[in-house]
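What follows is a single structure, written as structure tokens, with notes after it.
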Amino acid sequence: EMVYKVFVINAPSMFKSCWKIVKTFMDPVTINKVKMFSASEVQLFFNELNMIAHDDMIPSSFGGKANFTIRLSDVPSECSIDLTKSYPYTLPEASYF
């Protein structure tokens, strides 16, 4: 077990369907580490994130107060999200690539 938590935001329904099948083969401890949030649950995501990391440790591009950026250069621009905007956030539609 190397991961502490996995947050999945605005996953396509295909991913959620696959997850239902895959998790039947996984250890319950691992399953409980994965949290999924819909586009309308962004505030719940931030609440969960703040339970494990203080705002000062979360990059401002992700809604925190840290003065550094994480470059997600491999993420297509249509999948990116600007979390620096005020609430309520609007998540982009999931795209298949």
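Annotations for the structure displayed:
- Working value for the stretch 3-42: equivalent-ellipsoid semi-axes of 18, 14, 6 Å, each the square root of 5 times a Cα gyration tensor eigenvalue, largest first.
- Once backbone amide H atoms are built at 1.01 Å from N, VAL34 has VAL6 as its partners under 5 Å, excluding neighbours fewer than 5 places away on the same chain.
Throughout, read-outs are computed from the coordinates displayed, never taken from laboratory work. In this text the structure is predicted, and so the values were computed from the model without any measurement.
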